[in-house]
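What follows is a set of notes on a single structure, which appears directly below.
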Amino acid sequence: MPTRAPRMKIAFLGSGAFGLPSLEALAQHHTIVGVVSQPDKPAGRGGELTPTPISRFAALELGSVPLLRPERVNTPDIIRTIHAWNADAWVVIAFGQKLSPALLAGPPAMNLHASLLPRWRGAAPINHAMLGGDAVTGNSVITLADKMDAGLILAQSRRAIEHTQTAGELHDLLAADGPALLDEILARVASEGLHGQAQDESLVTLAPKLSKADAWVDFTQPAEDCRRRINALTPWPGVAVTLDAAPLKLLRAATQPQGDDTPAAAGSSARADAPPGTLLDVERGWVACGLGTRLRLLEVQPAGGRPMTWREFANGRRLAARPGVTLTGGRPC
């Protein structure tokens, strides 16, 4: 069993929800001397200023712990403030700003990243691991470097990517794996400092930030590509198609039979020459895709409605009574 780190003074720099389990665990076993996050930003239709998940947790749960939300973290006054906390170590998770050498000229600093580096450096590693068809992903704890996500690898954990798992679900599982990995590194920091392994630059792949422009699926592509895209972009930016001139979000899909959906049943009404997007089996949600392949829709969300199973959606709209129903997707022009 790994040795637990002794109680240490930790400065935490983070913004996204991915870091919440780690911050919560660190607060239970160590002394948080300060938290740095991004400034509050407008959100929702009303544009109300909203704190980051890390800022909200720090304000509500950490009491008098200093909380900074600078527009620019590398200004001299912010650097002096953070250094004055006299932390034993810094933990950085999904912070959102590049840290300057002047800022990092302090105690040992480590970054938790949601991929098996050097694979998937960048802002959206979970989504790109799924889009890329990876069977396994994980977390890496690295040192901070001038080049994005290029620090020394201190430790890694691994987790399989399941067939019908969404990016949101995988995000939460990887986030929950973070605290144990960080504690392993902090125990080492206390006894021997930070020592890691250089990344192999020949194996680097990039995971650029996603946007609303990525919210599409192209049924002319093979079903496996469509499955990956739908699951990888749920919950954000999502995948939208059109049915009866109305938008429909696709939340979860499969290419393998699920439950009572045997291959024989799935193929009962299928036609190899059906145009991509055609509903081959309305009740079970099988859709024609490119190269004669088939995709099964498991969960969807109609405009203005709640997420639901495909069967609930189809029954509510009596799609089974309408032959030739087609979903319209495609790449943006």
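Structure summary
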read-out: Using alpha-carbon coordinates, inclination of helix 20-29 to the longest axis of the chain, degrees; value: 40 degrees
read-out: Residues GLU201 and ALA59, FRET efficiency given R0 of 35 Å [Cβ-Cβ distance, rounded to 0.05]; value: 0.30
read-out: Label corresponding to Rg/Rh (Cα atoms, Kirkwood Rh) when calculated from the structure given, among [x] 0.99; [y] 1.05; [z] 0.97; value: [y]
read-out: Residue-level accessible surface for ARG188, protein heavy atoms, 1.4 Å, Å²; value: 60 Å²
read-out: Sequence-separation-based contact order of region 1-156, relative, with Cα cut under 8 Å and 6+ spacing, percent; value: 20 percent
read-out: Cut-off under 5 Å, modelled amide H: who pairs with LEU13 long-range; value: VAL36, VAL91, VAL92, ILE93
read-out: Proximal lysines relative to LYS212, as straight alpha-carbon distance under 23 Å, when same-chain residues fewer than 8 apart are discounted; value: LYS41, LYS249
read-out: Degrees, to the nearest 10: 223-232 long Cα axis against longest axis of the chain; value: 40 degrees
read-out: Exposure rank, largest accessible area first [SER64, SER211, SER55; 1.4 Å]; value: SER64, SER211, SER55
read-out: Hz values of 3J(HN,Hα) by residue in region 75-89 - Karplus curve (6.51, -1.76, 1.60), Gly and Pro given as x; value: 6, x, 5, 5, 4, 4, 5, 5, 5, 5, 5, 6, 5, 7, 7
read-out: Amide H contacts of GLU299 (H built 1.01 Å from N, under 5 Å, at least 5 apart or other chain); value: LEU251, ARG252, TRP310
read-out: In nm, spacing of pseudo-spin labels at LEU49 and ALA303 (7 Å Cα→C-beta vector); value: 3.5 nm
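The values are calculated or read from the model by the stated rules, or taken from the named source; none is laboratory data. What you see is a predicted model, and the numbers here were worked out from it, not measured in a lab. All Cβ positions, glycine included, derive from the backbone under ideal geometry; neighbour counts span all protein chains shown. SASA here: full protein model, heavy atoms, side chains in, ligands and nucleic acids out. Shrake-Rupley method; radii C 1.70, N 1.55, O 1.52, S 1.80 Å.
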